[in-house]
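Scroll down for the structure; my scribbles are underneath it.
Every number in this text was worked out from the coordinates using simple rules, so none of it is lab data. Bear in mind that the values here come from a model prediction, so they are computed numbers and not experimental data. Cβ placement follows ideal geometry from the backbone for every residue including glycine, while neighbour counts extend to all protein chains displayed.
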Amino acid sequence: MEPEFVDGVIFDALTFLRSAANQNGPEIITFALYFDHEGSALSVCADTIENSQRTVDQTNSFNFKYFSKAIEHSDLEKASLWQCNIGRSLSVGDFKHVNLARRDMPSHMSATKLFLEMPKGIMRHTHSILAVCDPRNQIVFATSTENDEVGLVWSPPTNT
């Protein structure tokens, strides 16, 4: 049951992203299966380089105020809490595409099995997902885990 549920969410999101890619070219750099813990629902969130960079820039500007203040006060421990993001945004709520193909988790489904199935689903569909992604950038995959909105993060090997 869990594999079919995950595959259905991925398939529906890919349908949307394929139509977006036909209009703009493939622009996705981050593809995440997100589990809404409060709503018990699964969806796909996907981000672009432009949107991710804007989010990272905003976060870094905000963090720098506190980072520099901590350095001025010689507090390295506090400064370490406000370091910059050197990569991309993994805040799925800020992604360009949020809650694509959202589906409520059936009440009889095992959450533990679902969290194990989510990365397996992305791995099963890597080639199809990469087809809607920007081939000029390193692609990042992510899934929620039992305790974290983004608990697993990986990149597919370049020979995939």
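Report summary: the helix-based calculation at 222 nm, which adds -39500 (n - 2.57) for every DSSP H run with n ≥ 4 and divides by the residues of the chain, gives -14500 deg cm²/dmol.
Where Lys and Arg each count +1 and Asp and Glu each count -1, what net charge lies around CYS45 among other residues with Cβ under 11 Å from its Cβ? Counting the neighbours of CYS45, the net charge comes to -2. Around the amide H of MET105, modelled in the peptide plane, lie the amide H atoms of ALA41, LEU42, all under 5 Å away and 5 or more residues distant in sequence or on another chain.
The alpha carbon radius of gyration of the range 1-113, expressed as a multiple of 2.2 N^0.38 Å, is 1.38. Backbone amide hydrogens, once placed in the peptide plane, bring SER89 within less than 5 Å of VAL56, excluding anything fewer than 5 places away on its chain. The mean sequence separation of alpha-carbon pairs under 8 Å and at least six residues apart, normalised by the residue count of the chain, gives a relative contact order of 33 percent.
The longest stretch of the chain left intact once loop-based GluC sites (Glu not before Pro) with at most 15 other Cβ atoms within 10 Å are removed from consideration, loops following DSSP, is 39-145.
Which values of log₁₀ I(q)/I(0), to two decimal places, follow from the Debye formula for the range 55-156 at q = 0.10, 0.16, 0.22 Å⁻¹ with a uniform point scatterer at every Cα? Values, matching the q order: -0.43, -0.88, -1.24. Model label points for SER110 and ASP148, set 7 angstrom from Cα along the Cα-to-Cβ axis, are 2.3 nm apart. Counting only DSSP beta bridges with both residues in the range 1-138, the antiparallel share comes to about 90 percent.
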